[in-house]
Every structure is written in structure tokens, then in C-alpha cells.
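Step one of this worksheet: look at the structure below.
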Amino acid sequence: MKRILIQAAMLVMAFAATLNAQILTPITWDVSTEMTSETEGVVKFAATIEKGWHLYGTTLPEGGPRETSIKFDRIEGAELIGSPEPSIAPVEKVDMVFHLKLNWWESDVTLSQRFRVTDKKGYLLGGTITFQGCNDGSCIPPAKEAFEVMSEGYNAAPAEEEPVQATVKSVAADKAATIDESEWWAPVTFPESGEASAQNIAESSWWYIFIWGFIGGLVALLTPCVWPMIPLTVSFFLKKNSSRAKSIRDALIYGGGIIVIYLALGLAITLIFGASKLNDLATNAVFNLAFFLLLLVFAISFFGAFDIKLPSKWSNGVDSKAERTTGLISIFFMAFTLVLVSFSCTGPIIGTLLVEAASVGNISGPAVGMGAFALALAIPFTLFAIFPSWLKEMPRSGGWLNSVKVVLGFLELALSLKFLSVADLAYGWGILDREVFVSLWVVIFILLGLYLLGKIRFSHDSPVEHVAIGRFFMALISLSFAVYLIPGLWGAPLKSVSAFVPPLYTQDFNLYAGGEFKEFDDYDAGMRYAAESGRPVLIDFSGYGCVNCRKMEGAVFDTEVISNIIKENFVLIKLMVDDKQKLAEPLSVEENGRKVVLESVGDKWSYLQRSKFAANSQPYYVMIDNSGAPLALPYYYDENVEKFGEWLGTGISNYKGAIKN
């Protein structure tokens, strides 16, 4: 269950890495011109956007990603009219990474720039398109695309060429270099042996949702609305049919009907919302706030304040249909009656399941989850029909069933805080920082433990004369979990629940030293320090808009074991490829046969990643020696701490072996 919830915490995110580094090109441009009259025309910038990615709009607030802009550096024989106009309006959403309301295009778009011809000899228009694209789990760094269009037969004077730098490097004048620093920027070839780390969240999420749904169905069986229905329904089949074989067949059909009904509900949710809307449920602050309120209502309902019921005429109408019909249709209506009658208990569980399935952002999530839920719910009816003698061994209905509902209420209350936290971070309210969140969880699970021990009673609870063994161990688990959470009040990583609790940067007081190591944000400075200190280098290509980068930092880098390995053995260089800080002087480089001007710090580090390692996705981790040569294959997004530690160990061993040789 921990893995399920970890995967559902963010929006999930659909990042998969291949065994070798690669350049992602999810957005491509085609530039053309079209004359609308003898003297006026339009330049069309057509962006083709790969499915699952989006291109940011032309106007964005400060502190966010790079907006799409078109800069005309060369205009001859023409003048521009107005500004570029998009063929479709961008969608507006609250981005959970930047905590800002942003806009972007999720499908192909064309930006049209009108111009007027002022010279009879013709025209020439040239410049640069600057843009950035992201998907649900990763972003490409801000990129630039040069363009040049002209009228047919136009003879343009050659543009003044700026000097091209073959490499981008910084050499300290007062340092007697023992190595050629140009090697630091030279392209590398990774070793053929070994295995690169990769994790495909999108494929694995189906299994997690299936398991989560199946567990939800088993829990629903233990509620007061469903448990008593098992002997009543099975006895009905046995009495209705003289043949036991026919009773078993009808029971199998009955169980199948339950699965079909719930599966149809999941498919309906899928078709109504679609993939993009489901992603909104994971990333939109308004939806997360709605989820919080929904789960809070469910929790209050389970505590006994009120019952969530469907109109009685619905269940009565379906029940009468079952009595008037015969054969398969009658059995199907009986299954439908069970679904409606048990809704007051199963509704909150189903609602929570759909919320979690939607949080994964996968279009098939609700259908898979509901199918698994129904399967778990239908199995007991079928098994008891095949083995009716088991009915005698069933625990009788009683106060324990209501206790199940109350326990679920506590769990719903704890889960609701996760969604409130997401909305709090998005809007910057600051009402649910890490200490407050962990404090609430500690109190909730202590109260749950006391309830299971009979120290707390609600109005509809039966007296607890003695504590059963099952209740005792459940109370022990709940109270132990509360004790486990307490160090989190002072900054403990709490890795097992890192997908729930707010990030460490919201912690006001932190006694733990995880993540405290020498870190450089400049590649050349870090490489010089590593050469002087005789240490290998760990490069972390990251970004302010990289969701998976934050998850790796919280789940892996902030752990004591990884922090110690890095502090004692590496020089860490963390490069933000979307850093908008302007360079003191723009750098001109040649890439893929064309001139590229690097204007910002992020441009520089993005170029380094592309040119040296042939990659442009984040997070991206690589270990190199003091000459810039790789020590192992690169490491991608994978929260397995043991695997990351082994990867670091490989780099340390290879570095020491190279020194000896």
C-alpha cells in the first residue's frame, strides 16, 4: 500500500528512461510564410507537440517556466504588424510544481506574425524561437530554434557573424592547471557494460491501483452494509433452486453481475473525464481541495454523524424489478440491488478509490480500480454458494462491524490531509507546513489506537468489555506508527510516508543533517575543486520545474546513508537547466551545424548536458572523473535507495581503480 500511495502522491508522473541517454524532442517547429495580399503577409510558426507533452504560452508570471517567445533579430524589406497570434487559445491551469497559474498548449498550435513588405526587392525575416515543454513527470530545458524566411529571389547581404566558441569553459588565470580543462566539456562515451537505472511509473501504476482496489473491496466486505448480506444472499440461492449445481451457477452469475456493474461505473468515469482531466485531478489545486472536503465528509459519515444513502426509491425500484423478472435478468437486478443498498458503506471506499486512481493520472485507473474492487466483493458470495457449510463458521454481525467503519473514518481523515497539503502548497497559504501535518497525523493515529483499546467511544458504539487479540494488535500498529512519526516534527525524513507529508523545505526546525554536503552550482568551479581535492564528481542535472527531481531529493538524497556517501566521497555539482539568471556575457557555440547563443545560466547547463552527455531530460545523474570521463552509466529517476547507493559505489570503485592504474 505504501508503494501505491507513493506513486499516487503527485501527479504522477510519466517519465521513463532508456538504457542510454537520449535527446528528447517532444516539440518541433516548422516556419513558413504566406502572402495575404501584394504588400502584406504572415509568418507561420507551426509547433508539433508530442502526445502527453505541453508547450507553455507566450505570457507567464515571474518565477515560472520559460514562456514561448519569438525574437526577430533580422528584418530586411519588411515591418512587423502586431504580435504573434495563436491558432487556438492555451488552457489555464494551476501548476503544482511552480505553484502558479500558468497556461499552455496540449495540442499542435500555430503562431502567426503579420508583416508588411516595404521594399520592392523583397524581404527577409530571421530570428529565434525560445520555448519550453513539459509532460506530467519531466521537462525539457528551455530551448531555442533559429529561423530565417525570405521572399523568392531575394538576395540578402550576409549577416555579420559572431565569433563561435568551440567550447564553453572558464579557466582560472591564477591556477596552474594540471589537466586540460577543455576535456571537461568534451563529449563522452559511456561504458558498454552495466545497467542504467530506469523506472516506468505509467506501466506499474495499473498494478498498484488494482491491488489498492482489491484491498478496498475486501475492506468493504467487513462493513455493516455488506457482511450481513452474504448469508442472506447465499441462502436465497440455495432455497430458490432445488439443484445445488444450479444454485452455484446462479451465484457465479450474481458475482459476475457485481463485477460488471462496478466495472461499468469505472469505465463511465474514465470516458467522462478522459486522460487530461484525470491529470487535472492530480495536479489542480482546486480539485485537491475538493478531494480534501470529499474525504472529510466521508470520514464524518463513518464516525456515525450521518449516512450517505441513495434515494430509497432507487433500491426499491430495482428490487421490484428483480422480483418481477426471471432468469439472468433477475440475478443481475439482485446484484444491482446489493450495490445500491450497500452504498452507505461502500460509497466512501469507492470515492477514495476513485480519488487515488485519478491521482495517478492514468486514463485506465478508475476502470482497473473498480474492477479489482468488485472482484474482491464478489468472491465471497461465490465461494459461500459453492461451500454453504462455511456459513456456519462466519462471525455473526455485531458491534465489531461498526468499529470497522470508525477505523475507516480515521484513515479517511488522515488521507484527506494529503490533498489539503497539495492545495496549501499551490496557493502558498502556509497553514499546513510539515510540522503541522505530522502533528495532526500523530494525534489521529494515537486516537485511533485509543479507540481500538476501547478508551474512546462514539454514541453508536457498543461497550468494549475486553480487548480482542485482533483489536490489540491493530492498536499496537496504530500507536507504533504515531511514535514513528514523532521524529518528523524535528526534520526526520520519514521516507515511508514521504509521498504524503509536505516537503522538508516547509520544515521550520530541522535537527537532522541529511543533505548537508558541499554542493556547487557552477560546473567549472566544482570540477576545479574536485581536481584539487582528488575526488570524483557527481553531477545532478535538475530543474526548478522537475517534479521527479524533488521526489528524488526527498526520498534518496535526504536519507542519511546516501548523504554520508556523497559527503565523504564526492563533489556534488547541481545544475539547474531552467535557471533564468542572465549570463554576464552571452556565449556563442556551434551545435548540430548551427550557431546557438547561450543567454542564461540554464542555457549553459542545458547545452553542457546535450553536448557532453547527449541527454536533455531531468532528473539525470552522472559520475565523472577529474578529466570529465564517465565512471559508470547515467542514473535516471528511481527512488530505490539501495540501488542508488550501489550505483555510487560503482563510481567510487572505478575512480579508485583508475587512479591506481
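The values are calculated or read from the model by the stated rules, or taken from the named source; none is laboratory data. Small disclaimer: the values here were computed from a predicted structure and weren't measured. Positions of Cβ are generated from backbone atoms using ideal geometry, with glycine treated the same way; all protein chains shown enter the neighbour counts. For accessibility, only protein heavy atoms count, side chains too; no ligands or nucleic acids. Shrake-Rupley method; radii C 1.70, N 1.55, O 1.52, S 1.80 Å.
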#### Entry: Solvent-accessible ranking of L218, L420, largest area first, probe 1.4 Å
L218, L420
### Computed E for S87/T39 - FRET, C-beta separation, R0 22 angstrom, nearest 0.05
0.40
### Query
Do the alpha carbons of any pairs in K93/K580; K101/K418; K71/K93; K551/K580; K144/K643 sit beyond 28 Å of each other, and which pairs?
K144/K643
### Task
Taking the Cβ of L448 as the centre, find all other residues whose Cβ is under 14 Å away and add up their charges (Lys, Arg: +1; Asp, Glu: -1).
+2
#### Entry: Relative contact order for region 621-661, counting Cα pairs under 8 Å that sit 6 or more residues apart, in percent
34 percent
